[in-house]
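*Asks:* I'd like to ask you about the structure that follows.
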Amino acid sequence: MLIAQISDIHASPTNDSMARLDRAVSWLAVLQPDLLVVSGDLVDGSWPEGYSLISTSLHRLACRSLILPGNSDDRAVMRAIMPQPDYWHDRPAMHFIEPCGGSVIIGLDTCVDGEAYGDVTQHLSWLRRALAGSPNGTALLFTHHHVFPCGIPPLDAVMCKGTQALAGLLKSSIRPPAAICSGHVHRSMSSLFAGIPAYTCGSICPANPLMLAASRVPQAADPPALMIHDLRHGHLVSSHVSV
């Protein structure tokens, strides 16, 4: 199975994010993934038309798309406009569980209404059931907010909360995910979380600078980015791709 991931489109009438998304979709159309996960922050400013435009762009792909909200999204507007709401569970949260070949794709909605940070605390019981009830095979866990400190102070101030409890759940799970795949940072990064590979997918919108120190901020001119999670050979290989 080839699982594609895109994140942080931040589409708006005043930016070029839709053109950047079209570049990513054109690249994916050649690869022909089996599934696409969009890990949040689809639009800026609660732009309703943006959700329709994004849906139209994603429909150029032959595969199914699974969409998580991000902190810049409006869940109610997403449910009203997005054409495939059948996979969202546990209202008002927008979690999903999707069997895909011999794997299971789990989306955990980490958003907190009106806040830029995320929090998994109230969703841990759902995640525990999702992991325990998933079929045998490889599980991938997708979130919007990153679960490990990325080293960029303004972004770590709005990362996911409740991560200590999340780590405890994953360490005790009989079926922990093979990887945790997030967005929010607008940069490609990798780390370990509870002994599990954890990634942030680069953004479709312009990237954030790698501001590891406020006095030394390098220029960011990254092209649109995405990830490919390759499960075809019985193990996971995750690729960071710029388009």
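The values are calculated or read from the model by the stated rules, or taken from the named source; none is laboratory data. These figures come from a predicted structure and were not determined experimentally. All Cβ positions, glycine included, derive from the backbone under ideal geometry; neighbour counts span all protein chains shown. Ligands, DNA and RNA are stripped out before the accessible areas are found, and what is left, the full protein with its side chains, is counted by its heavy atoms. Shrake-Rupley method; radii C 1.70, N 1.55, O 1.52, S 1.80 Å.
*Asks:* Could you please state how large a percent of the accessible area of region 59-155 is carbon and sulfur, counting protein chains only and using a 1.4 Å probe?
*Replies:* Whole-percent figure for carbon plus sulfur exposure: 52.
*Asks:* Using all alpha carbons of region 149-202, what is the percent of pairwise distances in each 10 Å bin, ordered from the shortest bin to the longest?
*Replies:* 23, 55, 21, 1
*Asks:* Take each of the peptides 106-115, 188-197, average the number of other beta-carbon atoms within 10 Å over its residues, and list them starting from the highest.
*Replies:* The densest-packed peptide leads the list: 106-115, 188-197.
*Asks:* Over the alpha-carbon set of region 1-78, divide Rg by the Kirkwood Rh and report the Rg/Rh ratio to two decimals.
*Replies:* 0.95
*Asks:* Let me ask you something else. With θ set to phi - 60° and the Karplus curve 6.51 cos²θ - 1.76 cosθ + 1.60, what are the ³J(HN,Hα) couplings of region 20-35 in order, to the nearest whole Hz, using x for Gly and Pro?
*Replies:* Result, rounded to whole Hz: 5, 4, 4, 4, 5, 5, 4, 5, 5, 4, 6, 5, 6, x, 7, 7.
*Asks:* Specify whether the C-alpha gyration tensor of region 38-93 places it in the rounded, prolate or oblate class, a ≥ b ≥ c being the square roots of the eigenvalues: rounded for a/c under 1.5, otherwise prolate if a/b is larger than b/c and oblate if not.
*Replies:* Oblate shape, in that a/c is at least 1.5 and b/c is the bigger or equal ratio.
*Asks:* Additional query: Under a 5 Å amide H to amide H cut-off, with H placed in plane at 1.01 Å, what residues pair with residue 90 once short-range neighbours are removed?
*Replies:* none
*Asks:* Positive end of the dipole of region 1-55, charges at C-beta (+1 Lys, Arg; -1 Asp, Glu), about the Cα centre: which of 10, 25, 37 has its Cα farthest in that direction?
*Replies:* Comparing the listed Cα positions along the dipole, 25 ranks first.
*Asks:* Using the Cα centre as the reference, give the magnitude of the dipole from point charges on the C-beta atoms of the chain (Lys, Arg: +1; Asp, Glu: -1; all else neutral), rounded to the nearest 20 debye.
*Replies:* Computed about the Cα centre, the dipole is about 620 debye.
*Asks:* Between residue 216 and residue 157, how high is the FRET efficiency from 1/(1 + (r/R0)^6) when r is the Cβ-Cβ distance and R₀ = 22 Å? Nearest 0.05.
*Replies:* Result of the calculation: an efficiency of 0.70.
*Asks:* Continuing with the same structure: May I ask you to list the residues of region 172-190 whose amide nitrogen lies under 20 Å from a point 7 Å from Cα along the Cα→beta-carbon direction of residue 243?
*Replies:* The answer is 181-189, whose backbone nitrogens lie closer than 20 Å to the label point.
*Asks:* Next question, about the same structure. Probe of 1.4 angstrom, ligands and nucleic acids ignored: what's the accessible area per residue over the chain, in square angstrom?
*Replies:* Averaged over the residues of the chain, the accessible area is 42 Å².
*Asks:* Let me ask something additional. Which of these values of volume of the Cα convex hull per residue in Å³ was calculated from the structure shown: (i) 140; (ii) 117; (iii) 215?
*Replies:* Label of the calculated value: (ii).
*Asks:* Something else now. Probe 1.4 Å, all protein chains in place: accessible area of residue 171 in Å², nearest 10?
*Replies:* 150 Å²
*Asks:* If you stretched the chain out fully between residue 233 and residue 98, how much longer would it get, using 0.36 nm times the residue separation minus the C-alpha to C-alpha distance?
*Replies:* 46.6 nm
*Asks:* With only Lys, Arg, Asp and Glu charged, each at its Cβ (+1 for the first two, -1 for the last two), find how big the charge dipole of region 33-91 is about the Cα centre; round to the nearest 20 debye.
*Replies:* Dipole about the Cα centre, nearest 20: 160 debye.
*Asks:* Please state, as a whole number in µm²/s, the translational diffusion coefficient that the Stokes-Einstein equation yields for region 130-243 at 20 °C and 1.002 mPa s, with Rh defined as the Kirkwood radius across alpha carbon pairs.
*Replies:* 141 µm²/s
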